[in-house]
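The block underneath contains the structure these notes are about, expressed in structure tokens.
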Amino acid sequence: MKKTLCLFMVLSVLSATLWAEGKKDAVPSQGGTAVNVEGPAPSGKKVVVADANSTHHLNLYVAYEKGLFKKRGLEVEIQQTSSGVAAVAGGEADVVFNCPTGVITPIAKGQNIVIIGQVKIPCTSVLVVPVASPYKTPSDLKGQQIAGLSTTCCAVIVIRDTLRSQYNTEFELVTLAPGAAIAALDAGQIKGAILEEPFVALALLKKDANGNPVYKTIFNGESDADQDGNIDPNLAGVDPPCRTINANKSFIATRLDDAKLFIDAIAEADKIILANPTAADIVDIAQKYVSVDRQAIINSNPKLGFTTQLSTERLKGYADALVRQGTIDRNPGDALFAPEFKGITW
């Protein structure tokens with residue numbers, strides 16, 4: 001009897017071990033297709049990412065859904081919040097993907113946050129106007145009500161500075177979130193909007209009763225507003241940098257290896273996305289995190305130039321602009337970037 005009982009216990013333990021080693025962890029679906037993730041079990045090396053959902057953070061979601069963090073022994077937790085920069089600066093989270101101007105300000109004010117990598121280049125924000133708009137040259141925008149996310153939005157800063165310095169032109173900024181800006185355009189309450197992808201794609205997909213496009217983009221290096229056969233200059237310049245990956249300084253100081261592994265996983269996700277940004281599984285992942293029309297995602301994904309390599313001089317240029325508008329007192333220069341990542345991301 002004792003031999004039989006011992007044999008049963010051994011077989012039970014062996015069966016449980018084989019099941020555990022052979023099983024796959026499935027990430028629960030939130031409206032999209034669940035993606036099976038294979039890799040080592042969480043090591044306890046948790047990295048908390050404070051995130052505000054955006055297709056611009058698609059490399060974060062792809063790295064998570066495809067098990068690229070787990071493969072490196074990291075347990076990543078993505079927490080949805082609109083106050084990610086404050087959470088990282090305060091130590092409640094380790095990493096945040098954010099518009100760089102929203103991070104430059106707390107860095108300049110001595111808060112516990114630093115830039116460790118780029119998310120993407122270029123910024124995809126462009127000026128969207130109704131098809132029948134009369135604007136032929138940038139100077140025609142003078143005094144017009146144009147929507148933008150904020151006075152410190154990278155795209156708003158660059159476009160306004162270009163209009164002032166090169167065209168002696170200033171428009172009236174109406175501060176609106178992208179969805180509200182499109183609604184205001186539909187209602188005829190504003191004359192144009194500075195929108196980023198995928199909201200540009202959403203606007204361009206709109207059709208009138210006859211099936212004709214309602215909106216177009218101008219002055220973005222691709223359009224010809226005055227139809228003279230020459231391409232309009234891009235008011236945002238050439239390849240302006242977009243979002244950055246930012247981390248709590250204490251996290252970098254005490255867990256540098258984990259931070260480097262995190263960036264390495266993002267770099268692998270970048271390669272996967274760039275190989276086929278409209279692949280069904282990539283679009284599925286985007287839709288799982290962001291409530292945007294699938295066709296808009298398909299149209300906009302190829303424009304998202306994911307890279308971890310920092311555009312340091314252009315980012316310091318954003319800091320100069322924040323100084324000029326009085327948002328910060330000084331440009332931190334290279335102090336914006338984690339020295340531990342020099343030679344890796346900058």
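The values are calculated or read from the model by the stated rules, or taken from the named source; none is laboratory data. This is a predicted model, so every value here is computed, not measured. Don't worry about glycine lacking a Cβ; one is built from the backbone with ideal geometry, like all the others, and counts go over all protein chains shown.
Of the residues screened, GLY326 is one that is surrounded by fewer than 18 Cβ atoms within 10 Å (Cβ to Cβ) and closer than 30 Å to ARG164 by Cα.
Report, by residue number, each residue of region 125-145 that is polar (S, T, N, Q), surrounded by 14 or more Cβ atoms within 10 Å (Cβ to Cβ) and either at pLDDT below 95 or not in a loop (DSSP other than H, G, I, E, B) (or both). Give the derivation first.
We begin by selecting, within region 125-145, every residue polar (S, T, N, Q); these are 125, 133, 137, 139, 144-145.
Retained after the next criterion (residues that are surrounded by 14 or more Cβ atoms within 10 Å (Cβ to Cβ)): 125, 133, 137, 144-145.
Matches in region 125-145: GLN145 only.
Listed here are the residues, each with its yes/no results for (1) closer than 30 Å to ILE107 by Cα; (2) at pLDDT below 95; (3) in contact with a Gly (Cβ under 9 Å, 6 or more places away or on another chain).
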residue: ALA269; (1), (2), (3): yes, no, no
residue: VAL292; (1), (2), (3): no, yes, no
residue: PHE306; (1), (2), (3): yes, no, no
residue: LEU315; (1), (2), (3): yes, no, no
residue: LEU322; (1), (2), (3): yes, no, no
residue: GLN325; (1), (2), (3): yes, yes, no
residue: ASP329; (1), (2), (3): yes, no, no
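ASP226 meets the conditions (1) in contact with a strand residue (DSSP E or B) (Cβ under 9 Å, 6 or more places away or on another chain); (2) charged (D, E, K, R); (3) outside the structural domain of THR162 (by TED's automatic domain parsing) in every case but one. The failed one is (1). Of everything in region 146-167 that is crowded, with 21+ Cβ neighbours inside 10 Å and among the small types (Gly, Ala, Ser), the residue that is farthest from the chain's Cα centre (by Cα) is ALA147.
Table: residues versus (1) in contact with a Lys or Arg (Cβ under 7 Å, 6 or more places away or on another chain); (2) among the small types (Gly, Ala, Ser); (3) within 22 Å of ALA50 (Cβ to Cβ); (4) part of a helix (DSSP H, G or I).
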{"residue": "ILE252", "(1), (2), (3), (4)": "no, no, yes, yes"}
{"residue": "LEU274", "(1), (2), (3), (4)": "no, no, no, yes"}
{"residue": "GLN309", "(1), (2), (3), (4)": "no, no, no, no"}
{"residue": "LYS316", "(1), (2), (3), (4)": "no, no, no, yes"}
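Restricting attention to region 169-194, which residues are small (Gly, Ala, Ser) and either in contact with a Phe, Trp or Tyr (Cβ under 9 Å, 6 or more places away or on another chain) or part of a helix (DSSP H, G or I) (or both)?
Let us first name the residues in region 169-194 that are small (Gly, Ala, Ser), namely 177, 179-181, 183-184, 187-188, 192-193.
Within region 169-194, GLY179, ALA180, ALA181, ALA183, ALA184, GLY192, ALA193 qualify.
Scanning region 242-290 for residues that are within 18 Å of HIS57 (Cβ to Cβ) and either aromatic (Phe, Trp, Tyr) or free of Cβ contacts under 8 Å to residues at least 40 places away in the same chain (or both) yields a total of 8. No other residue among ALA93, ALA108, ALA87 is touching a Gly at 6+ places or on another chain (Cβ under 9 Å) and among the hydrophobic types (A, V, I, L, M, F, W, C) apart from ALA93. All of LEU68, LEU58, LEU74 fail the test of being over 28 Å from GLY333 (Cβ atoms), within 14 Å of the chain's Cα centre (by Cα) and modelled with pLDDT of 95 or more, apart from LEU58. Restricting region 224-250 to residues that are out of contact with any Ser or Thr (no Cβ under 8 Å at 6 or more places or on another chain) and β-branched (Val, Ile, Thr), the residue that is nearest to SER54 (Cα to Cα) is THR244.
Among the criteria (1) under 24 Å from ILE252 (Cα atoms); (2) not in a loop (DSSP other than H, G, I, E, B), the one LEU322 does not fulfil is (1). The single condition among (1) of a type in the set (A, V, I, L, M); (2) within 23 Å of ASN98 (Cβ to Cβ); (3) without any contact (Cβ under 8 Å) to a residue 24 or more places away in the chain that ILE157 does not meet is (3).
Within region 98-118, if we keep just the residues that are out of contact with any Asp or Glu (no Cβ under 9 Å at 6 or more places or on another chain) and in a loop (DSSP other than H, G, I, E, B), the residue that is surrounded by the fewest Cβ atoms within 10 Å (Cβ to Cβ) turns out to be GLY110.
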